[in-house]
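Just below is one structure, and these are the notes that go with it.
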Amino acid sequence: RTSGRGRGQGYTIEVFEGRSVSIRNQSSIGKARTPIGNFMMMARLREIYDSQIPNFGISGLKKILYDRGCTSLIVHEDDNVIGGLTYRPIRDNTSVEICLCAIREDRQREGHASQLMKALKDDIHIRFPGSIRFIVSSADVGAVAWFEKMGFERAAEDVMAEWNGHIEEIKNGIFVVKKISNDAHT
């Protein structure tokens, strides 16, 4: 769990894993969240993804969000979901794909997406020590500038071919990649 300040109140980032919607951490008030509470957090995140990334549609979002191989990081204030980032390991756990990332429109530009990226790096260093070399994504045009701000680069055609079939590509998406160091949280 990561905590911080935003818009005058504290927020928390928690890790939810796939269909079981299990939680590895406790809520910010120190009591374990119930399975129903976990499911409600995931449902609220799905609604945010649907409003911010409409290209996927509800069935596509459910397929990714509730996949056992995916992990979602959810930023929230109490039970009020602000946004999230859903990722999965690919290519024999040598890379991580950011499948989905969105923040509620009324809470954008407060640093929550940057905090999610930091939490992602922390989580993959814990879950996959020393094995993850790349973070990749197929970003929509509006998100490319944010990915570049986070240290990602647009991939060349030959690099894109190497990832073909491994990542969820979005219509008119731009492939971005970031090489990460196993020594530090880079």
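The values are calculated or read from the model by the stated rules, or taken from the named source; none is laboratory data. Computed from a predicted structure; not experimentally measured. Backbone-built Cβ (ideal geometry, glycine too); neighbour counts: all protein chains shown. Keep in mind that these areas ignore ligands, DNA and RNA; they rest on the heavy atoms of the full protein, side chains included. Shrake-Rupley method; radii C 1.70, N 1.55, O 1.52, S 1.80 Å.
Structure notes:
- Some residue of segment 81-100 being closer than 22 Å to residue 43 by Cα, surrounded by fewer than 21 Cβ atoms within 10 Å (Cβ to Cβ) and out of contact with any strand residue (DSSP E or B) (no Cβ under 9 Å at 6 or more places or on another chain): no
- Yes/no for residue 106 being modelled with pLDDT of 90 or more and exposed (fewer than 12 other Cβ atoms within 10 Å of the Cβ): yes
Conditions (1) modelled with pLDDT of 80 or more; (2) in a helix (DSSP H, G or I); (3) β-branched (Val, Ile, Thr); (4) surrounded by 18 or more Cβ atoms within 10 Å (Cβ to Cβ), marked per residue:
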| residue | (1), (2), (3), (4) |
| --- | --- |
| 119 | yes, yes, no, yes |
| 123 | yes, yes, no, yes |
| 126 | yes, yes, yes, no |
| 132 | yes, no, yes, yes |
| 143 | yes, yes, no, yes |
| 146 | yes, yes, no, no |
| 162 | no, yes, no, no |
| 165 | no, no, no, no |
| 184 | no, no, no, no |
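- Taking segment 59-84 as the range and being closer than 19 Å to residue 173 by Cβ and of a type in the set (Val, Ile, Thr) as the test, only 64 passes.
- Looking across segment 50-76, the residues that are closer than 17 Å to residue 117 by Cβ and either open to solvent by 10 Å² or more (accessible area, probe 1.4 Å) or part of a strand (DSSP E or B) (or both) come down to 52, 53, 71, 72, 73, 74, 75, 76.
- Just one of (1) open to solvent by less than 70 Å² (accessible area, probe 1.4 Å); (2) among the acidic types (Asp, Glu); (3) at pLDDT 70 or above fails for residue 17. It is (3).
- Candidate set from segment 20-52 (those that are at pLDDT below 85 and under 22 Å from residue 124 (Cβ atoms)); member that is farthest from the chain's Cα centre (by Cα): 26
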